[in-house]
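Here is the structure we will look at, set down as structure tokens.
The values are calculated or read from the model by the stated rules, or taken from the named source; none is laboratory data. Not measured: the values here are computed from a predicted model. FYI the Cβ positions are ideal-geometry reconstructions off the backbone, even for glycines, and counts take in every protein chain you see. Protein only, heavy atoms only, side chains kept; ligands, DNA and RNA dropped before computing areas. Shrake-Rupley method; radii C 1.70, N 1.55, O 1.52, S 1.80 Å.
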Amino acid sequence: MERIETDILVAGGGVAGLCATAAFASAGFDTICVDPVPPITDLNAAGADLRSTAFLLPSVALLKESGLWQRLDDYASPLRIMRIIDSGGEDHGVREEANFDAHDIDRAAFGYNLPNWLLRREMVEHVAALPTARLESSVKVDRITPRTNEALVNLSDGRQVRAKMVVAADGRNSLIREQLGVDIKSWRYGQKALVFNVRCERPHENVSTEIHRSGGPFTLVPLPDQEGVHHCAVVWMDTGPHAESLQNMKETEFNAALNNRACGVLGKLELASKRILWPIIAQRASHLYGPRTALLAEAAHVIPPIGAQGLNMSLADLSTLVQLATEARDAGKDFGAPEVLKEYHRKRWPDMAARIKGVDILNRAAMAESQNLRDLRRSGLKMLYGLGPLRKAAMKAGLGA
Ligand SMILES: Cc1cc2nc3c(=O)[nH]c(=O)nc-3n(C[C@H](O)[C@H](O)[C@H](O)COP(=O)(O)OP(=O)(O)OC[C@H]3O[C@@H](n4cnc5c(N)ncnc54)[C@H](O)[C@@H]3O)c2cc1C
């Protein structure tokens with residue numbers, strides 16, 4: 001049996017796993033990343049991830065430190081204003097509008113939006129060029145056996161990896177989490193998210209717009225213009241049956257429903273991609289670690305896609321983990337020791353739990369069907385926006401700053 005020794009084994013080469021690989025390798029750790037599915041790096045390939053990710057400023061700082069941002073900068077759309085609209089009435093128009101402007105908290109932008117397929121393309125190329133990183137596609141973790149000083153990881157191609165620390169970024173159904181016996185708590189909302197891109201009649205002017213009516217939020221996120229035509233990525237959350245019927249609608253019928261839901265904020269919209277459905281769940285692991293292992297991203301927590309918190313929370317986790325491992329290594333200590341992993345959990349748990357709760361409340365408010373609850377939601381938005389200090393505090397909390 002071929003044996004490989006490494007400092008860090010990252011299980012999972014999704015966006016989070018690739019970020020972790022780049023961050024650990026840039027900090028000087030020998031890092032191997034394994035994933036059974038070769039990354040799809042072409043927008044038009046079958047199975048391409050049509051979602052986009054809004055990276056908030058603290059995440060951009062981590063991407064800069066990892067040397068990734070230099071590759072991504074040219075493709076990124078700044079998010080200057082986060083606009084929240086409460087929609088309703090007979091004409092399904094705008095009842096309340098609040099524009100949260102990054103300038104109010106002395107920032108040029110809250111963050112930057114990038115398409116996921118492009119992120120993977122650039123991340124894979126970046127990781128391939130790092131002398132301390134190795135990406136192994138088409139191979140998965142089959143079994144993890146933690147020992148006192150290392151973890152033994154059996155791969156699906158028969159090889160065995162000996163790693164000082166394993167980073168489980170193997171997604172919401174994490175095999176590693178299960179094998180290590182870390183419990184999870186999951187709950188559902190009866191929603192699905194329809195994800196697609198649109199051509200817009202008017203420019204987005206770097207404003208991300210979240211429209212609340214019922215069923216869940218409808219979000220337009222800025223993308224760069226393509227051949228002079230304005231584009232946005234859309235995440236349309238709704239009840240499962242309604243989201244499915246939207247996915248199956250003929251294009252003309254769908255475009256009519258789309259324009260009705262978008263309140264005309266960017267003029268006429270037209271579908272410009274396939275429509276992909278994502279199930280919406282929330283999930284939380286009981287601990288962010290197991291023996292010799294740190295749980296990262298959806299292996300640790302899953303939340304509905306609201307306020308760009310999902311991957312950004314994961315990158316805050318990653319930043320803490322890399323810092324703790326680096327400090328331990330530089331002090332001549334074992335960076336995969338239980339003390340380091342417990343400290344990772346201790347430092348990240350309160351912020352993680354608060355964000356899961358906050359997104360849960362926002363999602364339930366956005367789903368509201370009854371007129372009373374919708375009126376309450378509208379008043380809440382008006383109050384939050386109307387009180388300057390509260391507005392600024394909310395913007396800073398959203399950023400994690
Ligand atoms: C519609 C939508 C929009 C979103 N928008 C945003 C946003 O704007 N901002 C934001 O911060 N977040 C956003 N999120 C959340 C974000 O997309 C996720 O947090 C992120 O993609 C999770 O990545 P992951 O790497 O943990 O999981 P995945 O992308 O699922 O990756 C897990 C990887 O592990 C691999 N794997 C599985 N089993 C094994 C094994 N045994 N061995 C090795 N590898 C394995 C899989 O092949 C896969 O590649 C959004 C989510 C959704 C659904």
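Taken over the range 20-38, the criterion of being touching a Ser or Thr at 6+ places or on another chain (Cβ under 7 Å) and within 8 Å of the ligand (Cβ to nearest atom) is satisfied by Asp35, Pro36.
Considering only residues in the range 266-323 that are part of a loop (DSSP other than H, G, I, E, B) and on the phi > 0 side of the Ramachandran plot, the one that is farthest from the chain's Cα centre (by Cα) turns out to be Arg292. Reported count of residues in the range 250-304, each being touching a helix residue (DSSP H, G or I) at 6+ places or on another chain (Cβ under 7 Å) and farther than 25 Å from Val10 by Cβ, is 9.
Taken together, Thr320, Thr252 contain a single residue that is within 15 Å of Lys342 (Cα to Cα) and free of Cβ contacts under 8 Å to residues at least 40 places away in the same chain, which is Thr320. Does Leu62 satisfy being open to solvent by less than 50 Å² (accessible area, probe 1.4 Å), over 30 Å from Cys263 (Cα atoms) and either modelled with pLDDT under 95 or in the same structural domain as Glu210 (by TED's automatic domain parsing) (or both)? Judged against the criteria, Leu62 is a match. When you scan the range 172-185, do you find a residue that is closer than 23 Å to Leu119 by Cα and either surrounded by 22 or more Cβ atoms within 10 Å (Cβ to Cβ) or assigned by TED's automatic domain parsing to the domain that holds Lys274 (or both), even just one? Yes - at least one qualifying residue is present in the range 172-185. The single condition among (1) of a type outside the set (A, V, I, L, M, F, W, C); (2) closer than 30 Å to Arg147 by Cβ; (3) more than 16 Å from the ligand (Cβ to nearest atom) that Thr293 does not satisfy is (3). Taking the conditions (1) assigned by TED's automatic domain parsing to the domain that holds Gln160; (2) open to solvent by 10 Å² or more (accessible area, probe 1.4 Å) in turn, Thr31 satisfies each one other than (2).
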